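Working notes, structure below.
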Amino acid sequence: MVFSSLYSGSSGNSIFISSDNAKVLIDAGMPGKSIEGALREIGERPEEIDAIFVTHEHSDHIKGVGILSRKYNIPIYTNELTWKGMAKAIGNIKEHNIKIMDTAVSIKDIDVERFDIPHDAAGPSGYSLLSGGKKVCIATDLGYFSEDVKRNIMDADILLLESNHDVEMLKFGPYPYELKRRILSDIGHLSNEACGYAITEIVTDKQKRIVLGHLSNTNNYPELAYATVTNILNDNKINVGKDIILTMADRSKPSSYIKI
Ligand SMILES: [Zn+2]
Ligand SMILES: [Zn+2]
């Protein structure tokens, strides 16, 4: 399988994943043109995308979904609640491209499983994609690291996990009080620290490639997220580079291209 983060962060998210026969996007939260450009940059053609899976209806995840579906006739998959939540924002979609997905669906040789995540949206979802004995999981926009999320991502080969903010930067930063409270709540976003502790709970014999993503532009720095997570892993005797291979998903360009 191939994993590439096209965009990851509070300003827009889109992840490309392919198998031998299928190519899909998880979210298309940037303008269509930006996503087309990012795909070309990694040597992929938007015409060949077989499906777009949507995690939830917040604009940083759906901005380009409608336009890409209309332009390239791409089916859009998500659960019924998210469909209701985003229907207006993504505009007219051809009937045959509206795919309501409850728990699992197959796109050629990729089996996709949906799981619930704790976030303040209508029916927020994480996804696991399985093909050829390998598993790629996407878990961002998490208020906390739930048992359900943990169970679903435990045996991932590649995992995109949220490392959204530094708690101190958020607390003393410019956001209004209500927004700070929302982000820190159980249906907000995962902090660098919470992300580090979450990883300590999913270390197994199988080496995992973990990509830290969905960083806040205002309340985080890539270097800080990486250092906070690595310090927690080191303190817990987890060998970064052996047990876990850790990379960062960039906010504004394709990054963490991984082939397994
Ligand atoms: Zn969100
Ligand atoms: Zn988001």
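The values are calculated or read from the model by the stated rules, or taken from the named source; none is laboratory data. Since this is a predicted model, take the numbers as computed values, not measurements. Neighbour counts run over all protein chains shown; Cβ positions are idealised from the backbone, glycine included. Side chains included, ligands, DNA and RNA excluded: accessible areas come from the protein's heavy atoms. Shrake-Rupley method; radii C 1.70, N 1.55, O 1.52, S 1.80 Å.
Here are some notes:
- The stretch 137-148 residues that are free of Cβ contacts under 8 Å to residues at least 60 places away in the same chain, paired with ones that are more than 16 Å from ligand 1 (Cβ to nearest atom) and not in a loop (DSSP other than H, G, I, E, B) (beta carbon under 6 Å, 6 or more apart): C137/S128; C137/I153; C137/L159; A139/I153; F145/A198
- Lone unmet requirement of (1) part of a loop (DSSP other than H, G, I, E, B); (2) buried (at least 24 other Cβ atoms within 10 Å of the Cβ) for G123: (2)
- Among the candidates E223, E168, E162, E178, residue that is at negative phi and open to solvent by less than 10 Å² (accessible area, probe 1.4 Å): E162
- Residues in the stretch 128-150 that are of a type in the set (A, V, I, L, M) and away from ligand 2 (no atom under 16 Å from the Cβ): L129, L130, V136.
- Residue count, the stretch 16-35 (criterion: under 19 Å from K71 (Cα atoms) and buried (at least 22 other Cβ atoms within 10 Å of the Cβ)): 8
- Positions within the stretch 61-76 being within 16 Å of ligand 1 (Cβ to nearest atom) and open to solvent by 20 Å² or more (accessible area, probe 1.4 Å), in sequence order: K63
- Just one of the listed residues (L179, L184, L160, L170) is of a type outside the set (G, A, S), within 16 Å of S8 (Cα to Cα), modelled with pLDDT of 95 or more and within 16 Å of ligand 1 (Cβ to nearest atom), namely L160.
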